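Data block below; observations after.
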Amino acid sequence: MINQNKNIVNTTPLLFFGTPLFAVPALEALVKNGYSVVGVVTRPDEPAGRDQIITPPPVKVTAKRLGIPVFQPEGFDAKQFAEEVPSAELFVVAAYGKIIPHSILNLAPRGTLNIHPSLLPKWRGPSPIQSAIMAGDERTGVSIMLLDELMDHGPIMAQRTIPLPPRATYPVLHDTLAELGAAMLVETIPDYLSEKISPVAQNDERATFSKILKRNDGRAVWDRPAESIDRMVRALNPWPGVWTIWPGTNIYRLKIEEALAVTDTPAPGSAGYVWHNENFPLLVKTGHGSLAIKKAILGGRRSLTDAELARGYSAIIGATLV
């Protein structure tokens, strides 16, 4: 039976859809394990960084290194897609970044498998990792699902759960789930193609949804509990980042890179008031407890520790952030 599965793997042409770093381990795992990846579909090159330099997506860079043809359609026209992109029995999607229309999915005779970094039906949508951290979830994981015409709605082919560490950060959890998803994918495809897996329909009544994150989603609201803002800091860095405004003679934007909720020490002032004690050089009062700012960027300059910030900008102590 193992030999039969290996034969299926080696002879079934796959088309891979993916764009950001999250998708790279899955593409590399497919090639490493002998899957026949006939092409990679990824988003067009886009401006990136402060200088807005046109930059290829990470999956394109990886595909070029692996010698796989790359296709970057601006839109999805089924007829044009079928003419320009190699045909494949199975499509595989990992964080492509755009909804793939049913007219394209129908081109794959064996369907389309998708890697989603959450325990579906929880956290459908584009920001499941950030949402799990911000919600304070105790566990997370990866789901391999069969795509249908609705967002993250199709039946589950495989699912694996891991504990979500109490101090989880987005970059670390992102990489952990990307590697887990890649390992699950190469295990799932042979059983799926040989019809050993019985798809499990999602319970739509238990579905929760994440959203597209925008810059303003990172603005600190100081009357929220310190634990909530702490989770935001860990979930939203590096982008959009958690930020606040220090008003006064000079108006500064303060981006908080690292923080810690302090709930056992009474704080003076109102929400947003900046103070300090013998343990923390920089504290901000919140709706419940205080947030100790451990590292931040002031006015778009270099990253500063709490001690450097309090020493170099001492007027911040006693200010109220908004």
Cα gyration tensor, the range 46-139 - rounded (a/c under 1.5), prolate or oblate: oblate
The simple spin-label model distance between Val38 and Ile251, using points 7 Å out along Cα→Cβ, in nm, is 5.7
What angle, in degrees between 0 and 90 and rounded to the nearest 10, separates the Cα long axis of helix 170-193 from the longest principal axis of the Cα atoms of the chain? 20
Sorted from fewest to most neighbouring beta carbons within 10 Å, what does the list Lys79, Lys64, Lys255, Lys285 look like? Lys79, Lys64, Lys255, Lys285
Which net charge results for the neighbourhood of Ile256, defined as the other residues with beta-carbon distances under 13 angstrom from its beta-carbon, given Lys and Arg at +1 and Asp and Glu at -1? +3
Summing +1 per Lys or Arg and -1 per Asp or Glu among the other residues with Cβ less than 10 Å from Pro44's Cβ gives -1
Most to least packed among 179-188, 263-272 [average Cβ atoms within 10 Å]: 179-188, 263-272
Which of rounded, prolate, oblate describes the range 215-316, given a ≥ b ≥ c as roots of the alpha-carbon gyration tensor eigenvalues and a/c under 1.5 marking rounded, otherwise prolate only if a/b is larger than b/c? rounded
Give the share of C-alpha pairs in each 5 angstrom bin for the range 145-212, from 0 to the last occupied bin, in whole percents, shortest bins first. 3, 13, 18, 22, 22, 15, 6, 1, 0
For the chain, what does the helix formula give at 222 nm: sum of -39500 (n - 2.57) over DSSP H segments with n ≥ 4, over the residue count, nearest 500 deg cm²/dmol? -8000 deg cm²/dmol
One would report the antiparallel percent of DSSP beta bridges in the chain, rounded to the nearest 5, as 65
So if R0 is 35 Å, what FRET efficiency would His174 and Asn277 give, r being the distance between their Cβ atoms, rounded to the nearest 0.05? 0.55
Which order do peptides 210-223, 132-145 fall in by mean Cβ count within 10 Å, highest first? 132-145, 210-223
Could you put Thr11, Thr176, Thr208 in order, starting from the residue whose Cβ has the fewest other Cβ atoms within 10 Å? Thr11, Thr208, Thr176
Which listed residue (Ala63, Pro266, Val92) has the Cα farthest towards the positive end of the charge dipole for the chain, taking +1 on Lys and Arg C-beta and -1 on Asp and Glu C-beta about the Cα centre? Pro266
Under 20 Å between alpha carbons, and skipping anything fewer than 8 positions from Lys32 in its own chain: which lysines qualify? Lys6, Lys60, Lys64
Report the full-extension gain for the segment Ala315 to Leu66: residue separation times 0.36 nm, less the Cα-Cα distance, to one decimal in nm. 84.3 nm
Total charge of the residues flanking Gly136 in space, meaning their Cβ is under 9 Å from its Cβ, with Lys and Arg +1 and Asp and Glu -1, is -2
Going by a ≥ b ≥ c, the root eigenvalues of the Cα gyration tensor, does the range 227-268 fall in the rounded group (a/c under 1.5), the prolate group (a/b larger than b/c) or the oblate group? oblate
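Every number here is computed from the coordinates shown, using simple stated rules; none is lab data. Here the structure is a predicted model, which means the values were calculated and not measured. Backbone-built Cβ (ideal geometry, glycine too); neighbour counts: all protein chains shown.
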